[in-house]
């Protein structure tokens, strides 16, 4: 019996211990629940968002008018924010769609100038062009011009043709194609797509203007011509077809006089645009006006005055008009020093005589560049076959005739 | 039931009785006194946003383009500065929060790889309330209602080559956040 009582007592103690532990834990939990807290677990959150607008990078480009007038154009920087550093980068020159050889441009001065639109023609050269058509800044200037966003600048090309060009391509139209490029100012490295400016230039050529009888005996004729270029020629001569060749004839006959004021082989001064001749003295052959570019290089008019002989024995003529030349370019543009018809007229390459003090005008600058090119026709006598004229003179009864405009057709034969 | 168990129950009952205090008194004494009512106000945590301004710095000169940015054309070397001010409001006992400025949504679109990540700094009024580091910052009610301006700059680098011309910095966003900790 006492043994049973002992086991019961031990179980009771363990139960009491568990009960006490449970009681303490319950009291702790209750204290936690009922005690005040510090802080919150809510994790409040707030946001503020600013929307930013879109913005684009600039686009750099140049523009030139699609149909510029003359030798002037306008370059415009169409970028909105980028300053363009621009320049004419390349130049190609063609005639009839074919590139012009560098030899033809020997001595010819091509330059570009800038300014406000339409006002740069008289500006000093900003870039110069070599005969090989390499463009470089003039006078050590910076290679590029600055153009603000949206700004425009005038761009002009100036050509001062030298003897080679004048002699080989008189009256012909050159196409000058210039590419203009640009790059952005630092620190940007942007470039603009090159734009192309094409313009044309007509190589100066003199044209025959009028022919009229000025003497009562119908022997003396005044011929007149025009010369559009500002460059003064070296001098003028009048040549006539003899049936074999073109020869210099006497000029400046006084009314009804038989003696010329300027002998054959002598030149008229640069300022002259007319003279009187006696065409019947050489069989009333066709007459051309020859412009001397230098002392030894001359260019014949692309037209010829024709004459009708009134009577084979009395030297009376009537003007027949001016026809387009049928001579090939080489023969027409390279004037041989005329056959010596005067004791004062030297041969080819020798000094020539200008027949008037009015010849004090300076020779064209281009003459100083000759003859640098062995191909240039500076001292070449045309090897023209001495064929007879192929076109019959036009019988025009009037004593005063205005020539018809020259028709630029390709000649078919050398000589006359 | 043993005596020990009984003592345990008595102890629990005593604790409950002491902590609850809800049993009242049997004496039925009564007294009254008028006390002013206590006002309890909950805390606040919010951001008051102010208008953003944008300036364009080019060749050393700055221009306000807040209203005209879309009409601008950017070029290499340009710097856009976005100023995004807010006023954090933190009210509450022991309230703490993290203030953060996220400019990761500003430069999006094809220019992202060339423009790169914008630079971020911060300015306060009164000054010096926060370090100028890009954050985030741990803030307390001491900062409440002060103007905090996030300054985000985007530079169009010179390495943005010709092929980048005409590309667009697309619409984006700059966001402030305030999160309780």
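The values are calculated or read from the model by the stated rules, or taken from the named source; none is laboratory data. Quick caveat, the model's predicted, so the values are computed rather than measured. Positions of Cβ are generated from backbone atoms using ideal geometry, with glycine treated the same way; all protein chains shown enter the neighbour counts.
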Note on residue B:114: of the conditions (1) in contact with a strand residue (DSSP E or B) (Cβ under 9 Å, 6 or more places away or on another chain); (2) within 13 Å of chain A (Cβ to nearest Cβ), unmet is (1)
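Out of the residues in the range B:125-148 that are part of a strand (DSSP E or B) and surrounded by fewer than 17 Cβ atoms within 10 Å (Cβ to Cβ), which is nearest to the other protein chains (Cβ to nearest Cβ)?
To start, the set of residues in the range B:125-148 that are part of a strand (DSSP E or B) comprises B:125, B:137-139, B:147-148.
The next check asks that each one be surrounded by fewer than 17 Cβ atoms within 10 Å (Cβ to Cβ); those that pass are B:125, B:138, B:147.
Details: B:125: 16, B:138: 15, B:147: 12 Å.
Restricting to residues being part of a strand (DSSP E or B) and surrounded by fewer than 17 Cβ atoms within 10 Å (Cβ to Cβ), the top hit is B:147.
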Restricting attention to the range B:149-167, the residues that are outside any loop (DSSP other than H, G, I, E, B) and farther than 19 Å from residue B:66 by Cα number exactly 3
Of the listed residues (A:123, A:81, A:89), the one being within 14 Å of chain B (Cβ to nearest Cβ), touching a residue at least 24 places away in the same chain (Cβ under 8 Å) and out of contact with any helix residue (DSSP H, G or I) (no Cβ under 9 Å at 6 or more places or on another chain) is A:81
Per the list (1) out of contact with any strand residue (DSSP E or B) (no Cβ under 6 Å at 6 or more places or on another chain); (2) over 20 Å from residue A:322 (Cβ atoms), residue check on residue A:264 breaks on (1)
Of (1) in contact (Cβ under 8 Å) with a residue 24 or more places away in the chain; (2) at the interface with another protein chain (Cβ under 10 Å from one of its Cβ atoms); (3) touching a strand residue (DSSP E or B) at 6+ places or on another chain (Cβ under 9 Å), residue B:93 fails just (3)
Condition set surrounded by 19 or more Cβ atoms within 10 Å (Cβ to Cβ) and touching a helix residue (DSSP H, G or I) at 6+ places or on another chain (Cβ under 7 Å), scope the range A:186-237, selection nearest to the other protein chains (Cβ to nearest Cβ): answer is A:190
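Go over the candidates A:255, A:207, A:275 one by one and state the one that is at pLDDT 95 or above and over 26 Å from residue A:127 (Cα atoms).
Going through A:255, A:207, A:275 in turn, just one is at pLDDT 95 or above and over 26 Å from residue A:127 (Cα atoms): A:275.
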Discussion item. Whether any residue in the range A:129-148 is farther than 20 Å from residue A:84 by Cα, buried (at least 20 other Cβ atoms within 10 Å of the Cβ) and in contact with a helix residue (DSSP H, G or I) (Cβ under 9 Å, 6 or more places away or on another chain) is what I want to check.
Written reply: yes
Practice problem: Could you tell me whether the range A:67-78 includes any residue that is modelled with pLDDT of 95 or more and either within 10 Å of another protein chain (Cβ to nearest Cβ) or in a loop (DSSP other than H, G, I, E, B) (or both)? | Solution: yes
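Do the conditions hold for residue B:83, that is, is it touching a strand residue (DSSP E or B) at 6+ places or on another chain (Cβ under 9 Å) and at the interface with chain A (Cβ under 9 Å from one of its Cβ atoms)? Steps first, please.
Working: touching a strand residue (DSSP E or B) at 6+ places or on another chain (Cβ under 9 Å): yes; at the interface with chain A (Cβ under 9 Å from one of its Cβ atoms): no.
Spelling it out, it is not the case that residue B:83 is touching a strand residue (DSSP E or B) at 6+ places or on another chain (Cβ under 9 Å) and at the interface with chain A (Cβ under 9 Å from one of its Cβ atoms).
Need a quick list: strands (runs of 3 or more DSSP E) entirely within the range B:6-121 having at least 1 residues that are loosely packed, with under 13 Cβ neighbours inside 10 Å. Can you show your working first?
Details: elements: B:44-49, B:53-58, B:61-64, B:79-91, B:97-102.
Output list reads B:61-64.
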Query raised in the report: Does residue A:99 meet the test of being at pLDDT 90 or above and within 14 Å of chain B (Cβ to nearest Cβ)?
Result: no
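Listed here are the residues, each with its yes/no results for (1) within 13 Å of chain A (Cβ to nearest Cβ); (2) at pLDDT 95 or above; (3) closer than 27 Å to residue B:174 by Cβ.
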position: B:16; (1), (2), (3): yes, no, no
position: B:19; (1), (2), (3): yes, no, no
position: B:24; (1), (2), (3): no, no, no
position: B:31; (1), (2), (3): no, no, no
position: B:38; (1), (2), (3): no, no, no
position: B:44; (1), (2), (3): yes, no, yes
position: B:59; (1), (2), (3): yes, no, yes
position: B:66; (1), (2), (3): yes, yes, yes
position: B:70; (1), (2), (3): yes, no, yes
If we ask which residues in the range A:170-209 are assigned to a loop (DSSP other than H, G, I, E, B), under 20 Å from residue A:96 (Cα atoms) and in contact with a strand residue (DSSP E or B) (Cβ under 6 Å, 6 or more places away or on another chain), their number turns out to be 2
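Within the range A:224-244, which residues are more than 30 Å from residue A:159 (Cα to Cα) and at pLDDT 90 or above?
So the first thing to find is which residues in the range A:224-244 are more than 30 Å from residue A:159 (Cα to Cα), and the list is A:240-244.
Residues satisfying the conditions are A:240, A:241.
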